[in-house]
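I have placed the structure first, in the form of structure tokens, so that the comments after it can refer back to it.
The values are calculated or read from the model by the stated rules, or taken from the named source; none is laboratory data. If you're wondering where the values come from, they're calculated on a predicted model, not measured in any experiment. Note that we place each Cβ from the backbone using ideal geometry, even for glycine, and neighbour counts take in every protein chain shown.
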Amino acid sequence: MSNKIFTSANLLSFLRLPLALLLIISPSLVVKYVCLILAILTDIFDGFIARKLNQSSKLGAFIDPFFDKIFVFAVFFFFYFELELQFYFVIFYFLRDIITSISFIFIRFFHLCKLVELKARYVGKIVTLLQFFALFFLILGQLVLFKIFVYSILLFSVIAIIDYFFYVLRGSKC
């Protein structure tokens, strides 16, 4: 496990922040899509590179999902306000993130369980992938396809929340 901050894998994770900014400020649809595709690729390859180059670290395990969320939040909320979407899309789109964050804080604050090491779960990765696809259609202005993906996000978020619950319950001492 690496102790370095500036590893190739971590730099890929950090790259999502300027990509989000460029996507938001660029008037070009092509640039927006290139930024989105690059963000998806950095999300795919940062973990792969960390494992292959022996650059895995606790910092990397934290910043990868952190910069995923920053990218997704920034881009989603920019288009949410620009397109004047209904508020329930925010809840549906971020349900998994909201529930898992509140649960983690609650458990930590009240010391309810000795938490297991939290790692990305397969169902959670599906939710993140669906969020990226929803952003694709949101950027394009295809609201019908965006809504289909948001409802898919809602379904997989519920599954992910249940999966996280049983994962923590199995691995912790509550």
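Which residues, taken from the range 1-50, are over 20 Å from the mean Cα position of the chain (by Cα) and not polar (S, T, N, Q)? Please lay out each step first, then the result.
Pass one, the range 1-50, residues over 20 Å from the mean Cα position of the chain (by Cα): 1-7, 25-31.
Listed by number, the residues that qualify are 1, 4, 5, 6, 25, 27, 29, 30, 31.
Looking at 107, 139, 102, can you tell me which residue is hydrophobic (A, V, I, L, M, F, W, C) and closer than 23 Å to residue 36 by Cβ? Outline the logic, then answer.
Numbers: 107 fails: closer than 23 Å to residue 36 by Cβ; 102 fails: closer than 23 Å to residue 36 by Cβ.
Of the residues listed, the single one that is hydrophobic (A, V, I, L, M, F, W, C) and closer than 23 Å to residue 36 by Cβ is 139.
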Options 110, 133, 149; residue that is at pLDDT 95 or above and not assigned by TED's automatic domain parsing to the domain that holds residue 18: 149
Options 46, 68: the member that is buried (at least 18 other Cβ atoms within 10 Å of the Cβ), in contact (Cβ under 8 Å) with a residue 60 or more places away in the chain and assigned by TED's automatic domain parsing to the domain that holds residue 9: 68
Within the range 49-63, tally of residues that are surrounded by 15 or more Cβ atoms within 10 Å (Cβ to Cβ) and in a helix (DSSP H, G or I): 6
Answer residue from the range 7-26, given it is assigned to a helix (DSSP H, G or I) and hydroxyl-bearing (Ser, Thr, Tyr) and is farthest from residue 55 (Cα to Cα) among those: 13
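Take the range 124-174 and flag every residue that is of a type in the set (A, V, I, L, M), more than 20 Å from residue 89 (Cα to Cα) and surrounded by 18 or more Cβ atoms within 10 Å (Cβ to Cβ). Talk me through it step by step, then tell me what you get.
Taking the range 124-174 first, the residues of a type in the set (A, V, I, L, M) are 126-127, 129-130, 134-135, 138-140, 143-145, 148, 150, 153-155, 158-162, 168-169.
From what is left, the residues that are more than 20 Å from residue 89 (Cα to Cα) are 162, 168-169.
Within the range 124-174, 168 is the sole residue that qualifies.
Considering only the range 29-43, how many residues are more than 13 Å from residue 139 (Cβ to Cβ) and either surrounded by 21 or more Cβ atoms within 10 Å (Cβ to Cβ) or in contact with a strand residue (DSSP E or B) (Cβ under 7 Å, 6 or more places away or on another chain) (or both)?
Filtering the range 29-43 down to residues more than 13 Å from residue 139 (Cβ to Cβ) leaves 38, 41-43.
Checking the rest, the ones that are also either surrounded by 21 or more Cβ atoms within 10 Å (Cβ to Cβ) or in contact with a strand residue (DSSP E or B) (Cβ under 7 Å, 6 or more places away or on another chain) (or both) come to 42-43.
Number of matching residues: 2.
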